[in-house]
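Student: This is the structure I have questions about; it appears just below.
The values are calculated or read from the model by the stated rules, or taken from the named source; none is laboratory data. These numbers were taken from a predicted model, which means no experiment stands behind them. Because the Cβ atoms are built from the backbone with ideal geometry, glycine has one as well, and the counts that use them run over all protein chains shown. Side chains included, ligands, DNA and RNA excluded: accessible areas come from the protein's heavy atoms. Shrake-Rupley method; radii C 1.70, N 1.55, O 1.52, S 1.80 Å.
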Amino acid sequence: MLPLAVGMRVVLADHLDRSEDKLLLRGSAGRVHSWVWEENDLRPTCVYVKFDGATWQLDGAPEPGLYPVHPVRKVWKLDAKRKKPVLKIARTQLPLAPAYATTAHGSQGKTLPAALVDFNVDKRTDVTFGTVAASRVRSREDVLILRPFERWLYTRGAPEGPALLLKQLRGEEVDWEAFREAKAPSAACEKCKDVKTLDCFSDRQWERVRANRSAICLACGPSKGGQKTLKRKLPSGLTRLDCRGCKFRKLEDAFPRAQLQQDDSEAKRRCLKCLKKVGILECSVCESTKQISEFSSAMATMPWAAVCADCAADVRRQPKWGRAGWFTCRTCDLFFPGAGAADQRCLNCASRGSWAKGKSTCRKCGGAWSEPRGQGSDKRQRLCPKCRPKASRAKRS
Ligand SMILES: [Zn+2]
Ligand SMILES: [Zn+2]
Ligand SMILES: [Zn+2]
Ligand SMILES: [Zn+2]
Ligand SMILES: [Zn+2]
């Protein structure tokens, strides 16, 4: 709570008077002059603030620059983004804030006589933070840095948005489509044919997208207990990686897993959108170059070992014992030369964390457990053996 004192420096926390001569906007500074506080009231009914450098004088005011500030009631919803917001909050406050403390964001555009700044911020802070905070004063003599800070604050390059805007203004070509794609990778739903972003697909269906296979969006998918979620909440702090094809920094989810699994992925990985643009592929078996349409779609994501449909069909025709040197991926059912990962999965499917190690995390107790997956059963257990309902445990044994 803000204690009041006569002579205290304050700034407006909100616009108060937009009339041309006064312009008492958010951030306007002044000093507390006096207040009206009825006995037994929680707060003053009015605080008089004398604003700096004002020449105007209100009717009946004893001196120029004096303006009454009244408490303001504000109502907002904590869950405003929900369909039916219910968490309503109301607060009555004086729209005043102490003038000597501000956030970097709030100080933007101001020129201060002096500043004591703290550069110890989280990495998620906007890239402009350091520059905004440090440049509020006219000279380096006017700034005092509170404590040592990390160098990365000033080595993060230009902010992405403004850099792209400048590029556009200079007349250089900007691939806006790729930019949007980098922020939120998208794919077309097999059923409704709409192009939708990552959060409109279930985790599992998105894995299919990453492997360049057909996928169904949440809206077209089955409903759970009569209710449908159209979007899933993405975890925060998703990893971003540079694509060596389009040079965009994209969400990890925009890359096929096979591209991230290859040796020297850092220098070679390409995003799904880039891989889809490739028209021809070389078959690693017959060594001929063919149109991409002559491969099964997932082959486009393979950094090597792509097998054309003809060669795959040849292998499939062989009896099982004749397929030496080949394996069928247990997840996507495609043929690949080689021995495959320990549990016979291709480069796309092997790296799906829980499958790679046969490990799972329990939905109920959060504990990890591992269990060899039964052949042919595609149903994944969500609960550890201890938490499973008795019936399903009995069925399994
Ligand atoms: Zn759909
Ligand atoms: Zn790319
Ligand atoms: Zn071939
Ligand atoms: Zn596979
Ligand atoms: Zn459990």
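Student: Looking only at Cα atoms, what is the convex hull volume of the stretch 83-187 per residue, in Å³?
Tutor: Each residue corresponds to 212 Å³ of Cα convex hull volume.
Student: Restricting things to Cα coordinates, could you compute the convex hull volume per residue of the stretch 227-326 in Å³?
Tutor: Hull volume normalised by residue count: 173 Å³.
Student: Run lengths n ≥ 4 of DSSP H only: what is the helix-derived mean residue ellipticity at 222 nm for the chain, with -39500 (n - 2.57) per run over all residues, to the nearest 500?
Tutor: -4500 deg cm²/dmol
Student: If you roll a 1.4 angstrom probe over the protein chains with everything in place, what fraction of the accessible area of the chain belongs to carbon and sulfur, to the nearest %?
Tutor: Carbon-and-sulfur percentage of accessible area, whole number: 52.
Student: Work out from phi, with θ = phi - 60° and the Karplus expression 6.51 cos²θ - 1.76 cosθ + 1.60, the ³J(HN,Hα) of each residue of the stretch 83-99, listed in order in whole Hz, and give x for Gly and Pro.
Tutor: So the Karplus estimates, Gly and Pro as x, are 5, 10, x, 10, 7, 8, 10, 10, 9, 10, 9, 6, x, 10, 9, x, 7 Hz.
Student: If I stretch the segment between Thr289 and Ser214 completely, what's the gain in nm (0.36 nm per residue apart, minus their alpha carbon distance), one decimal?
Tutor: Difference between extended and current length: 24.6 nm.
Student: Something else now. Rg over Rh of the stretch 176-276, using C-alpha atoms and the Kirkwood radius, what does it come to?
Tutor: Rounded to two decimals, Rg over Rh is 0.99.
Student: Here's another thing I want to ask about it. Compute the distance in nm between two label points, each set 7 Å from the Cα along the Cα-to-Cβ direction, one at Thr239 and one at Asn40.
Tutor: Rounded to a tenth, the inter-label distance reads 6.5 nm.
Student: Moving to a separate point now. Using Cα positions and a limit of under 30 Å, work out the lysines in reach of Lys320, with same-chain residues fewer than 8 apart set aside.
Tutor: Cα-Cα hits under 30 Å: Lys290, Lys357, Lys359, Lys379.
Student: Also, quick follow-up: For the stretch 104-154, restrict the atom set to alpha-carbon positions and state the Rg and Dmax in Å.
Tutor: 10.5, 29
Student: If R0 is 30 Å, what FRET efficiency do you get for Glu173 and Trp152 from their C-beta distance, rounded to 0.05?
Tutor: For Glu173 and Trp152, the calculated efficiency is 0.50.
Student: Still on this model: Say we join alpha carbon atoms closer than 10 Å with springs in a Gaussian network model of the chain; which of Gln168, Gln57, Gln259 then has the biggest fluctuation?
Tutor: The residue that fluctuates most here is Gln57.
Student: Which Rg and Dmax, in Å, describe the Cα atoms of the chain?
Tutor: So, for the chain, Rg and Dmax equal 31.0, 103 Å respectively.
Student: OK, next. Does a label point 7 Å from the Cα of Asn120, set along Cα-to-beta-carbon, have any residues of the stretch 138-176 with amide nitrogen under 20 Å, and which are they?
Tutor: Residues 143-155 qualify, since their backbone N sits under 20 Å from the label point.
Student: Specify the inter-centroid distance of the stretch 83-107 and the stretch 282-335, based on alpha-carbon positions, in whole Å.
Tutor: 60 Å
Student: Now a separate question. Measuring with a 1.4 Å probe in the full set of protein chains, what accessible area per residue, in whole Å², belongs to the stretch 176-276?
Tutor: 56 Å²
Student: Read phi for every residue in the stretch 70-79 and hand back ³J(HN,Hα) as whole Hz from Karplus 6.51 cos²θ - 1.76 cosθ + 1.60, θ = phi - 60°, with x for Gly and Pro.
Tutor: 9, x, 10, 9, 10, 10, 8, 10, 5, 10
Student: Could you list, in their original order, any pairs among Lys193/Lys250; Lys183/Lys233; Lys231/Lys386 whose Cα atoms are separated by more than 22 Å?
Tutor: Lys193/Lys250; Lys231/Lys386
Student: If you don't mind, another one. Sorted by average packing, counted as other Cβ atoms within 10 angstrom per residue and highest first, what order do 107-116, 277-286 take?
Tutor: Taking the mean over residues of other Cβ atoms within 10 Å, the ranking is 277-286, 107-116.
Student: Could I ask something else about it? Just how large is the dipole of the chain about the Cα centre, in debye to the nearest 20, putting +1 at every Lys and Arg Cβ and -1 at every Asp and Glu Cβ?
Tutor: 2680 debye
Student: When ligands, DNA and RNA are left out and all protein chains stay put, how many square angstrom of accessible area per residue does the stretch 278-350 have with a 1.4 Å probe?
Tutor: 52 Å²
Student: In terms of Cα to Cα distance under 22 Å, which lysines are near enough to Lys50, apart from those fewer than 8 places away along the same chain?
Tutor: Partners found: Lys22, Lys110.
Student: Assuming R0 = 22 Å, what is the FRET efficiency of Asp142 and Leu166, from their Cβ-Cβ distance, to the nearest 0.05?
Tutor: That pair, Asp142 with Leu166, gives E of 0.15.
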